[in-house]
1. Keeping to the stretch B:160-195, report how many residues are over 12 Å from B:Phe243 (Cα atoms) and open to solvent by 20 Å² or more (accessible area, probe 1.4 Å).
2. Find all pairs meeting these conditions: Cβ atoms under 7 angstrom apart; at least six residues apart or on different chains; first residue within the stretch A:2-18 and touching a residue at least 24 places away in the same chain (Cβ under 8 Å); second residue part of a helix (DSSP H, G or I) and open to solvent by less than 80 Å² (accessible area, probe 1.4 Å).
3. Kindly provide the set of residues from the stretch A:46-68 that are buried (at least 17 other Cβ atoms within 10 Å of the Cβ) and more than 18 Å from A:Leu20 (Cβ to Cβ), ordered by number.
4. Tell me the helices (runs of 4 or more DSSP H) entirely within the stretch B:1-85 that contain at least 2 residues that are touching a residue at least 40 places away in the same chain (Cβ under 8 Å) and within 14 Å of chain A (Cβ to nearest Cβ).
5. State whether the residues of the stretch A:33-41 include one that is open to solvent by 60 Å² or more (accessible area, probe 1.4 Å) and within 19 Å of A:Phe115 (Cα to Cα).
6. Looking at this structure, is B:Val112 outside any helix (DSSP H, G or I) and open to solvent by 80 Å² or more (accessible area, probe 1.4 Å)?
7. Within 30 Å of B:Asp22 (Cα to Cα) and open to solvent by 90 Å² or more (accessible area, probe 1.4 Å): does that describe A:Glu72?
8. Given the options B:Arg177, B:Arg172, B:Arg227, B:Arg200, name the one that is closer than 21 Å to B:Ser148 by Cα, modelled with pLDDT of 80 or more and not small (Gly, Ala, Ser).
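The values are calculated or read from the model by the stated rules, or taken from the named source; none is laboratory data. In this text, all values refer to a predicted model and were calculated from it rather than measured experimentally. Neighbour counts run over all protein chains shown; Cβ positions are idealised from the backbone, glycine included. Side chains are part of the model used for accessible areas, which takes the heavy atoms of the whole protein and leaves out ligands, DNA and RNA. Shrake-Rupley method; radii C 1.70, N 1.55, O 1.52, S 1.80 Å.
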Amino acid sequence: MRKCLGKDYVKVIELTRRHLNELGLDIKVVYEQAEEPMKPTEEQLERARFYVVAKEPMTATEAQLSGWRVDELAMLAVALAHIYSKHGKVPRAEVEQLLKEKFPEWAVGMTLDRFIRRGYLMQDEQDMLYAGWKARAEIDSRLLLRQVMGKEVRL
Amino acid sequence: MALAELMRIISLCQSVRLKGLDPFEVDVRRKLEVLRRYLPKWKAIDELLLDAEAFNELSTVIKLQGDWLKRQATMLYVDPELVEAKLKLLEPVELARCLLAAWRPLMALEQVTPQRLQEAIDYWNTLPPLRERVRLEEVAETSPGTVSFSELLRFKFISTAELQGRIEELRRQLEERSRSGKVDYWDFVVQDTYEKSVERAYYVAFMISQGLATLELDPLSEEVYLRPLEGKAAAASSVPIAFTYERWRERRSRGHGRGG
């Protein structure tokens, strides 16, 4: 960014953000470390990635039109909420166990693999799952947990 | 016993670090006391290295504890068990709604630029037709043949020094055996296996062609004898000896080559 836009690139990004906001878009900054810093340093900003994202959330219809099925969305919600609540990483077996309570076994493994391929989840050699780069760019982790905890449960 | 204690501390810290377990499961103060108690006992470098590794792992756990607390204090702390319970109770549709509310998808535009179009046209214009690209290479057919020693040398399967060494060794053996009389060719050449015998016959042929030995033929009995020479090239004559497998078996059964 510094190379393309010069040393005042942060100001340029802010101006771009204002213009994008008028179009219903926003800029999401994804830092190298998992936690978003309160006051990012120059080095942190230089290593960060900048994405253009939608300003408002998608509706269920829009998601379906983009090719997402409800059960896939639910599985991604469960996997990510579980990962975020356990400080960023959990064994894959644990997520599979949780998903198998509501989804067929054959679908669980396949769908998790698809999330990994699409960048929403990441898996290491110890079979631990993390939020992938795409989840970090697109999903507001705090909001997701607040949504899950705030939902009323019908017993 | 004390070393086993160190190994246990390292292993515990590593599993906390790698498996994302609660770092407060490790009683750091107590583990540090253990390290302090054992430290004066360590003399060998390996023991001291292990102690340093355990100390390093404990310091990593302390850092993880700090991160854990920071996370809980700042933003995301919700009891994981509570979240898990909620996730189990919510319907898939509601879970999907939770995700959609927190989801701001990436925006990307895929567009062909005039410059890219020009590149594509250039590529198309310079691309040879498929029938030319997939034309099969013409391959000359050769029938199977035998490899000569000179080819083996050229392909570096065998070196000249190695060949010469083997010939010298054979010449020494021939000289030793010729002290007690004539050396029968088959007795000299035949070995335990057919392959070894053929190889030896090959080297003997080289020895003869270099003038280090000669062949003597008894016209009556048709026996062939080997005699060492003093490095002088013999008169050029060739003696064909068929070395077939059947012949090797026959000579072997007659006791040739059993003397070593």
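1. The first filter runs over the stretch B:160-195 and keeps only residues over 12 Å from B:Phe243 (Cα atoms), leaving B:160-184, B:187-188, B:191-193.
Among the residues that remain, those that are also open to solvent by 20 Å² or more (accessible area, probe 1.4 Å) are: B:160-162, B:164-166, B:168-169, B:171-173, B:175-182, B:184, B:187, B:191-193.
Here the count works out to 24.
2. That search, which allows pairs on different chains as well, returns A:Arg2/A:Tyr9; A:Val10/A:Leu45.
3. Within the stretch A:46-68, A:Ala63, A:Trp68 meet the criteria.
4. Per the criteria, B:2-19, B:45-74.
5. Start the filter on the stretch A:33-41 by keeping residues that are open to solvent by 60 Å² or more (accessible area, probe 1.4 Å), which leaves A:33-36, A:38-39, A:41.
Still in the running and within 19 Å of A:Phe115 (Cα to Cα): A:34.
Yes, the stretch A:33-41 contains a residue that is open to solvent by 60 Å² or more (accessible area, probe 1.4 Å) and within 19 Å of A:Phe115 (Cα to Cα).
6. Values: outside any helix (DSSP H, G or I): yes; open to solvent by 80 Å² or more (accessible area, probe 1.4 Å): yes.
Criteria met by B:Val112.
7. Numbers: within 30 Å of B:Asp22 (Cα to Cα): yes; open to solvent by 90 Å² or more (accessible area, probe 1.4 Å): no.
Considered against the rule, which asks whether it is within 30 Å of B:Asp22 (Cα to Cα) and open to solvent by 90 Å² or more (accessible area, probe 1.4 Å), A:Glu72 comes out as no.
8. B:Arg200
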